[in-house]
Amino acid sequence: MTASIDVSRPLPGAHFGATLRLSKPLSEAMPEGLPQQLADAGGLLLIPNLDEITANPRLLVEMSYLLGPEVEDYRTLLTRVAMAHETVPEIFMVTNMVPGARPPPRRPDPPLTADGKLPVQYPHRVGWHTDQSYRRPPPDISLFYAVTPVARERGQTIFASGHLAYDALPAHLKAKVEQLEGLHAQPGTGRSRSDVTTGKTPPAVLSHQRSQKQPVVRTHPVTGRKALYLCEAGQMDWFDGPFVGMQPGPHGDGAKLLDELMTHYTRPEFIYVHEWMQGDLLIWDNRCLVHAATWYDADKEQRMMWRTTVRGNPGAIYAGEKRSWIPAEAAE
Ligand SMILES: [Fe+2]
């Protein structure tokens, strides 16, 4: 039995994205045509009122398989095991409710823009990234489900459309980035902007932890549309990058270009801000969007979000590649 889907586009206050409302519970019928809906919406779907996932987390994994051939198992992703769901290891918990969990990002300074709005544009807002871009091939799609969100006006997830940003790039910048590659660094490997600004040489890492080159302009494997594919302070390599073949380091020509591109990428007209409600599911396409998390008061509030990651269709440029993040000894 199939469920009908009511679609409204775009997402409120944005120029991309769509809201899907399902006519039946997931346990009765899985929605059909999600990959096409995602493509038509420019890479971002909101499906509200899926509270049944909280009691039946396998439904989230089942939905994830509608979007691609492979759903990551977080026990084998070399991530901290405590952050994987106890019985459903495809679920990564983004939370402050597990001891040792990563704290939420700091509040921007100042906390609001001059006209009283949530800061979204880089560099007032930092933390913009696309998931796991420090791996080759990178993942396709993330699903993010709100078990327990925090109160409105904090703990939001903010998105910027790489398609809209690319389309609006001035011609001279389009020409400059067309063949350019970014160098994406795994957080924690000592190569973030703040790590390198202190003047320290990053520690040696094993080959599977090395920074990875990625095209700055990515062609979407489903739609054929071009999108900017970039991160900023925490997920680019500021020692050898951020760009291959440009002056490296936090004060070089590469840094100046990255700042210019990220400021453009996160212009308010390319943004959607999601205020979470319990039971919301967001599905985003990492191949054509960047996102950032916002602050909440982790001492006073408890947040539990579940994420799955889908991979398997990164595009022709990655065809036949070995996974960069698998240690040589584990791959044998
Ligand atoms: Fe993320």
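Can you spot a residue in region 242-251 that is of a type in the set (Gly, Ala, Ser), over 21 Å from Lys176 (Cα atoms), outside any strand (DSSP E or B) and more than 14 Å from the ligand (Cβ to nearest atom)? No: region 242-251 contains no residue that is of a type in the set (Gly, Ala, Ser), over 21 Å from Lys176 (Cα atoms), outside any strand (DSSP E or B) and more than 14 Å from the ligand (Cβ to nearest atom). When residues in region 70-113 are screened for being among the basic types (Lys, Arg) and under 17 Å from the mean Cα position of the chain (by Cα), 1 of them pass. Looking only at region 100-139, residues that are of a type in the set (Val, Ile, Thr) and away from the ligand (no atom under 14 Å from the Cβ) come to 2 in all. Restricting attention to region 1-23, the residues that are in a loop (DSSP other than H, G, I, E, B), surrounded by 13 or more Cβ atoms within 10 Å (Cβ to Cβ) and at pLDDT 95 or above add up to 7.
Number of residues in region 209-245 that are buried (at least 24 other Cβ atoms within 10 Å of the Cβ) and more than 18 Å from the chain's Cα centre (by Cα) equals 4. For region 153-171, taking the residues that are at negative phi, within 16 Å of the ligand (Cβ to nearest atom) and not aromatic (Phe, Trp, Tyr), the one that is farthest from the chain's Cα centre (by Cα) is identified as Gln156. Filtering region 70-112 to residues that are touching a residue at least 24 places away in the same chain (Cβ under 8 Å), closer than 14 Å to Ala298 by Cβ and in a loop (DSSP other than H, G, I, E, B) leaves Asn96, Met97, Pro103, Pro104, Pro105, Arg106, Arg107. Take the conditions over 18 Å from the mean Cα position of the chain (by Cα), farther than 22 Å from Pro187 by Cα, at pLDDT 95 or above and not in a strand (DSSP E or B) and apply them to Leu67. Does it pass? No. Every test in (1) crowded, with 23+ Cβ neighbours inside 10 Å; (2) of a type in the set (A, V, I, L, M); (3) more than 25 Å from Ala39 (Cβ to Cβ) is passed by Ala204 save one, and that test is (1). Find the residue count for region 266-297, including only residues that are charged (D, E, K, R) and not in a loop (DSSP other than H, G, I, E, B). Here the count works out to 2. Scanning region 173-189 for residues that are away from the ligand (no atom under 16 Å from the Cβ), without any contact (Cβ under 8 Å) to a residue 40 or more places away in the chain, small (Gly, Ala, Ser) and farther than 27 Å from Tyr65 by Cα turns up at least one hit. Residues of region 61-100 that are β-branched (Val, Ile, Thr) and within 19 Å of Met304 (Cα to Cα): Val61, Thr79, Val81, Thr87, Val88, Ile91, Val94, Thr95, Val98. Selection within region 140-152: residues that are more than 21 Å from Phe16 (Cα to Cα) and of a type outside the set (A, V, I, L, M, F, W, C). The member of this set that is farthest from the ligand (Cβ to nearest atom) is Arg152. Apart from one condition, Gln37 fits all of (1) assigned to a loop (DSSP other than H, G, I, E, B); (2) on the phi < 0 side of the Ramachandran plot; (3) surrounded by 15 or more Cβ atoms within 10 Å (Cβ to Cβ); the exception is (1). Of all the numbered requirements in (1) within 30 Å of Tyr229 (Cβ to Cβ); (2) in contact with a Phe, Trp or Tyr (Cβ under 9 Å, 6 or more places away or on another chain), Thr54 misses one, and that requirement is (1).
Sub-8 Å Cβ pairs linking a first residue in region 289-306 that is under 21 Å from Gly234 (Cα atoms) to a second residue that is aromatic (Phe, Trp, Tyr) and away from the ligand (no atom under 11 Å from the Cβ), at least 6 apart or interchain, are Val290/Tyr265, ordered by first then second residue. Scanning region 268-314 for residues that are of a type in the set (Lys, Arg), crowded, with 24+ Cβ neighbours inside 10 Å and more than 15 Å from the ligand (Cβ to nearest atom) yields a total of 0.
The values are calculated or read from the model by the stated rules, or taken from the named source; none is laboratory data. Everything quoted here is computed from the prediction, not taken from an experiment. Using ideal geometry, Cβ is built from the backbone for each residue, glycine included, and neighbour counts are taken over all protein chains shown.
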